[in-house]
Structures are given as C-alpha cells and as structure tokens.
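The values are calculated or read from the model by the stated rules, or taken from the named source; none is laboratory data. Since this is a predicted model, take the numbers as computed values, not measurements. Cβ: placed from backbone, ideal geometry, glycine included. Neighbour counts: every protein chain shown.
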Amino acid sequence: MCRAGLAGSCHHRDRAKQAGSQMPILLDLFCKAGGAGMGYHLAGFDVVGVDIEPQPNYPFECVQADAIEYLIKDGKRFDAIHASPPCQAYSKAAKIMKRRHPDLIAKTRDAMPAGKPWVIENVEGSPLLNPITLCGYSFNLRTYRHRLFESSVKLKAPKHRYHDKRITKMGRPPKPGEMMHVIGNFSGVSAARIAMGIDWMTRNELREAIPPAYTKWIGKQVLGVLSQTPDETNGERRR
Ligand SMILES: C[S@@+](CC[C@H](N)C(=O)[O-])C[C@H]1O[C@@H](n2cnc3c(N)ncnc32)[C@H](O)[C@@H]1O
C-alpha cells in the first residue's frame, strides 16, 4: 500500500535494518502495483516502491512521490535500484500518433547514484543502452512480452526460445495452448494473471506490469554482485 510522502522522507532502509532484516533493500521506482518489485522480493530483497500515483495494490512499503526527485535525494540509502519509467514515449502507437511524452529514461540513468547496482527496464524500441531482452516463454509463462533491461552490472539472459505458439487474437480470451498479449483492452483478467504469473493485479495494473519471473532472474544476478567484495567484482560494476 502506497503512502503519500515527500521525496526525502523515507527511512525504510534504516527501519528495516533496525528491525533486524538481513536482506538487502531494493528501491523500486515507477512501481505501479509491483510486478517488478515482486520478482526482486522473490530473489531475496526487501523492496520499497515509489510511484507518483497512489498504489493500493502494491504488496510492499511504498512512497507516493516523483521517482527522479526521490532517487536524487534518497537513492544512495538503498543497496540496489530498479526503475520502470513509463513507456508511452516509445510505444508504436505513440510513434504513429506522433504524441509527445516526457523521456524519463535518460533522466533516470543520470540520477542513479555511483557505485550502486541499478537496472532500468523498458519496452522494445526504447533508448536503453546495451540491454538484455527477456521473453516470458523462457520462463514457461503464457506470454512472450519482450522487455529490455539495461544495467550497471553485467546481466545474462536465458536462452531465447523460438516462438512456436500462437498468440490469442485481441478481444477474446485465450484458447488452450495460446500465448496472451496483455495489452490495451485485452480480454480475460484471470487468464492474464496466470499468463503473467501475477495473482493480485487489476486489468489496468496487469497491462503495465512486467512478470515477476523476469526480475527474480535479474535480482539473483544483482545479489550475486552485491555478495562479492569490491576486489572480486573484476569491473562488473560499470559505475
Ligand atoms: C509501466 S508502470 C510500472 C510497472 C511496474 N514496474 C510493474 O512491473 O508492475 C509505470 C508507472 O510509473 C508511474 N509514474 C509516471 N511518472 C512518474 C514519476 N514522475 N514519478 C513516479 N512514478 C511515475 C506511473 O504512475 C505508473 O504507475
């Protein structure tokens, strides 16, 4: 559940440490209802979300604030940072309609604190640098849902499986064996929850979420880097 808060008012990291948590803490920026956050939690992080809108279905602690202001002020308190800036600016529809949206990717990258592992996620066609691409089929999900991940640490992607399953036609629920495209006015919220591996979100939240399996995969790699001493990182942290 998201509480209203001014950027800079967060002391979750200190509170969690005081409460005896041994888990590293990840800041989940542009968190919405927590698809990304859940994956990091499953990997072994405590998670704190930030979103400009109230997020009543976010499963962890959450602050309502501007993500970039929050990152600049409080980012260095966290062990690792994930950001999912809104992707409308790079969507095919926005390009066709020539709609203008703020480009938050560069601003987010520039605000990342030096020395902390960070990840920025977005859609295909977005201006991420040297990203890996994750596909739901690699995680046995019922959606292909390609997403790109740029990081300050070197990330590996699982083998990309050939897309040999049909995608459900828009406007009707999936038939057995089909893959779902969870976008726009998709049909079948309960089928979409199964397809994405997310059981707590509404239709509006699902269509913007990334499957937790993706960030569980990435989170384990980030934890691996955090567990190395600086001498062992061999330049794996890029800044
Ligand atoms: C694509 S959704 C994130 C989805 C999420 N990563 C997930 O996996 O469920 C982007 C979110 O960014 C939020 N947002 C947009 N501008 C923002 C800003 N300046 N600061 C914080 N959040 C913002 C929106 O309210 C929206 O919830």
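Miscellaneous remarks
- Residues of region 40-80 that turn out to be under 21 Å from Pro211 (Cβ atoms), within 8 Å of the ligand (Cβ to nearest atom) and not hydrophobic (A, V, I, L, M, F, W, C), as a count: 2
- On inspection, Lys165 does not qualify as modelled with pLDDT of 90 or more, closer than 29 Å to Ile81 by Cβ and more than 16 Å from the ligand (Cβ to nearest atom).
- Unique match (being closer than 23 Å to Cys31 by Cβ and modelled with pLDDT of 95 or more) among Arg109, Arg142: Arg109
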